[in-house]
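What follows is a set of notes on a single structure, which appears directly below.
Rule-based calculations on the coordinates, nothing more; no lab input. The structure displayed is predicted, hence computed values, not measured ones. Glycine gets a Cβ as well: all are built from the backbone with ideal geometry, and neighbour counts include every protein chain shown.
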Amino acid sequence: MNTRLRLITALVIGLVATRPMAASAIPADSLVIRFANRTRLVIYAPDKAGIQALANYDLNKIVREMGMQLDSLPDGKTAISREGDKYLKDTVLVIKKKDGVTIEINRSGDTTWTETIQHKKDYTQSKRKRGGGGSSFDYGLSIGLSNFLQQSVLPVYPENSYALRPIGSRYLSLAMGAMPTLVRGKRASLKLYYGLELAWTNFMFDADVIPERTPTGIAFTDAGRELRKSKLTVCTIGIPVVPRLTFYNSDGRRIGHIGLGGYVNYRIDSYRKIKEADGSKDRRHSNFDLADYRYGLMAHLGIKSANFFVKYDLSPLFVAGKGPDVRVLTFGIGL
C-alpha cells in the first residue's frame, strides 16, 4: 500500500476517533474518500459523529502539509479494509475535483451536509500557480515604448537631430523560456526565469530626418520635405535571465511577483523606413553603425494578472564614435 496513504489514514483516524477500536468491533460508520484518479481511501470511525467532526478540520491543509500530491497517486483501487466486506455505506465523504473541491456527507443516500471548501481551484491549478512541479514553461508577448537616454553631448550629433516620438517608438518581443523554482515557501517562492527572446525596437524620429550610413558614421540628414514617418528598426535575439520572487496569499493563489536580472542581445537585422507625405515608402537594410551586441538590466513587476517590465541598456546603441552616445530605455507590459 502506498506509504502516503498510510500516513494520511493514520492522521485522519487520529483526528476523528475518540477511542481505539477493538480488533473484534464492528465499525459503526465508514468514510470513503474518492480521488479524481479513482483512488479510494476508506476510514472506519466508531460513530457518525466522529466522521461529521471532520467539518472542523481543514483537510486541504492536512494534505498540503503532509506533502500529498493527489494527481501523482498510482492508478488502480487502493482500500483499507477489515475482514474484507464489512463496510457500512450509510456515511460517505466524496471529494470532487473539477471546478473546485466539494465535500459531501450522505446518509442512506440522502445528502445531509454539503460544503465547498475550495472555489475554482483544483490541485493542478494550485500546483501550477505555486510552482509545485519545480519548473514551468513560460512564453508570451511583450509590448512597450522605447526612448534614448543621452550619455554625452557630441557636437556632430545635436540632440534635436535624432529626438524620438514618444508614442511612435514602439517595442515588440516574443519570448519563450523556463521558470524553475529554486526555493519554495508557504507565502513566497524564489524562481529563475530564463529563455530566448526575439525583439523589434522601432526608433521613430520626431524631425523630418533620414538616417544614412556614411564613411564616418551614421548621419541624420534633413530630408528637406515633410515626411509622414521616418524610423530606424533594430531586430535582436537575446537571452534574459531574471531571478523572480513570487508571493502567494493564504489560499495559495499568486498575488504578485518582483524580479531583477539582466539580458544580452545580438543584432540580427536593422533597417530604416521612410514614409512620404503621399504614402510612398522607402525601406533599406543596413547596419547603420549599430552595435552588434547590447546588454543591460531588466526588472519585472507583477500585480495579480498584470505584468510590467523595464529594460535599460548598459551598452551604447551605436559603435563608439560613429553615432550619438545614447542608451536605450524600454518599458511596457507583458501578455
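Observations on the model:
- C-alpha center-to-center spacing [the range 268-295, the range 222-243] in angstrom: 7
- Sites Leu335 and Asn287 - FRET efficiency at Förster radius 22 Å, r taken between beta-carbons, to 0.05: 0.10
- Taking every C-alpha pair closer than 8 Å and separated by at least 6 residues, the mean separation divided by the residue count of the range 188-308 gives a relative contact order of 27 percent.
- Here the peptides 275-288, 211-224 are ranked by packing, the mean other Cβ count within 10 Å, and the order with the highest first is 211-224, 275-288.
- Listed cross-link partners Lys275/Lys304; Lys281/Lys322; Lys191/Lys322; Lys229/Lys311 are compared with a 30 Å cut-off, the Cα-Cα value being larger for Lys275/Lys304; Lys191/Lys322.
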